[in-house]
1. Among the residues of region 87-112, how many are over 20 Å from ARG58 (Cα atoms), not in a loop (DSSP other than H, G, I, E, B) and not acidic (Asp, Glu)?
2. Take the conditions free of Cβ contacts under 8 Å to residues at least 40 places away in the same chain and more than 9 Å from the ligand (Cβ to nearest atom) and apply them to ALA81. Does it pass?
3. Residue by residue through region 55-80, note down the ones that are of a type in the set (Gly, Ala, Ser), closer than 15 Å to PRO95 by Cα and in contact with a helix residue (DSSP H, G or I) (Cβ under 9 Å, 6 or more places away or on another chain).
4. Could you tell me how many of the residues in region 32-52 are acidic (Asp, Glu) and assigned to a loop (DSSP other than H, G, I, E, B)?
5. Restricting attention to region 43-52, and to residues there that are in contact (Cβ under 8 Å) with a residue 40 or more places away in the chain and within 6 Å of the ligand (Cβ to nearest atom), which single residue is nearest to the chain's Cα centre (by Cα)?
6. Give the residues of region 53-75 that are over 16 Å from the mean Cα position of the chain (by Cα) and either assigned to a helix (DSSP H, G or I) or of a type outside the set (Phe, Trp, Tyr) (or both), sorted by residue number.
7. Among the numbered criteria (1) closer than 19 Å to PRO26 by Cα; (2) near the ligand (Cβ under 7 Å from one of its atoms), which single criterion is violated by GLY70?
8. Quickly run through region 90-117 and pick out the residues that are free of Cβ contacts under 8 Å to residues at least 40 places away in the same chain, surrounded by 18 or more Cβ atoms within 10 Å (Cβ to Cβ), farther than 17 Å from ALA45 by Cβ and not basic (Lys, Arg).
Amino acid sequence: MLAIAMAMAAALTTACKPPPPSRHDPDAAAVARGRELVRQTGCGACHAFPDIAWPQGRAGPSLVTFDEHGPIAGVLPNTPANLAAFVRDAPVAKPGSPMPAMPLSPREASDVAAYLHGLADD
Ligand code: HEC
């Protein structure tokens with residue numbers, strides 16, 4: 001009985017640990033470049049971002065708290081490399097994706113991924 005109570009207490013303690021503030025720690029210069037690229041490329045035509053007042057499109061999901069997001073577009077593990085590949089050419093990264101390929105170089109796409117991974121709730 002005592003063993004069970006102790007096991008339960010241990011399980012509860014683990015379950016109550018606060019999550020880390022951000023799973024990613026993107027480079028600040030990359031985040032700044034990525035934010036500018038997102039503005040220039042017109043991602044706001046289809047998505048809402050916390051620091052872009054207009055436009056706040058609704059054709060795609062809101063990216064306001066993207067850092068806390070689960071799998072990208074519901075299927076791809078949310079890693080920097082997968083995110084860069086997806087924002088550059090969504091239909092290749094996720095066959096059948098309705099998001100069009102975007103005019104970004106691989107380097108620009110990783111800056112955009114850094115920006116998105118900085119969009120924490122805090
Ligand atoms: C023409 C509209 C359109 C444009 C422009 C667009 N997207 Fe998307 N985006 C979508 C749609 C639709 C989806 C949902 C795709 C899916 O589920 O496969 C999506 C999905 C996403 C996702 C995954 C969201 C999630 O909930 O997992 C990210 C991240 C993303 N877009 C980023 C961008 C970025 C960055 C740009 C600019 C470089 C951009 N998008 C431009 C329409 C667009």
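The values are calculated or read from the model by the stated rules, or taken from the named source; none is laboratory data. On a predicted model such as this, the values are computed, not experimentally measured, just so you know. Glycine also receives a Cβ, built like all others from the backbone with ideal geometry; neighbour counts cover every protein chain displayed.
1. Selection size over region 87-112: 6.
2. On the way: free of Cβ contacts under 8 Å to residues at least 40 places away in the same chain: yes; more than 9 Å from the ligand (Cβ to nearest atom): yes.
Yes: the conditions hold for ALA81.
3. If we filter region 55-80 for residues that are of a type in the set (Gly, Ala, Ser), which is where we start, we get 57, 59-60, 62, 70, 73-74.
Of the ones still in play, those that are also closer than 15 Å to PRO95 by Cα are 73-74.
The one that is of a type in the set (Gly, Ala, Ser), closer than 15 Å to PRO95 by Cα and in contact with a helix residue (DSSP H, G or I) (Cβ under 9 Å, 6 or more places away or on another chain): ALA73.
4. To start, the set of residues in region 32-52 that are acidic (Asp, Glu) comprises 36, 51.
Keeping just the survivors that are assigned to a loop (DSSP other than H, G, I, E, B) gives 51.
Residues that pass the stated criteria total 1.
5. Taking region 43-52 and keeping what is in contact (Cβ under 8 Å) with a residue 40 or more places away in the chain, we get 43, 46, 49-50.
Narrowing the set further to residues that are within 6 Å of the ligand (Cβ to nearest atom) leaves 43, 46.
On the way: CYS43: 14, CYS46: 15 Å.
Going through the qualifying residues, I end up with CYS43.
6. We begin by selecting, within region 53-75, every residue over 16 Å from the mean Cα position of the chain (by Cα); these are 53-59.
ALA53, PRO55, GLN56, GLY57, ARG58, ALA59 - these are the residues of region 53-75 that are over 16 Å from the mean Cα position of the chain (by Cα) and either assigned to a helix (DSSP H, G or I) or of a type outside the set (Phe, Trp, Tyr) (or both).
7. In the conditions (1) closer than 19 Å to PRO26 by Cα; (2) near the ligand (Cβ under 7 Å from one of its atoms), GLY70 misses (2) alone.
8. Residues satisfying the conditions are ALA93, ALA109.
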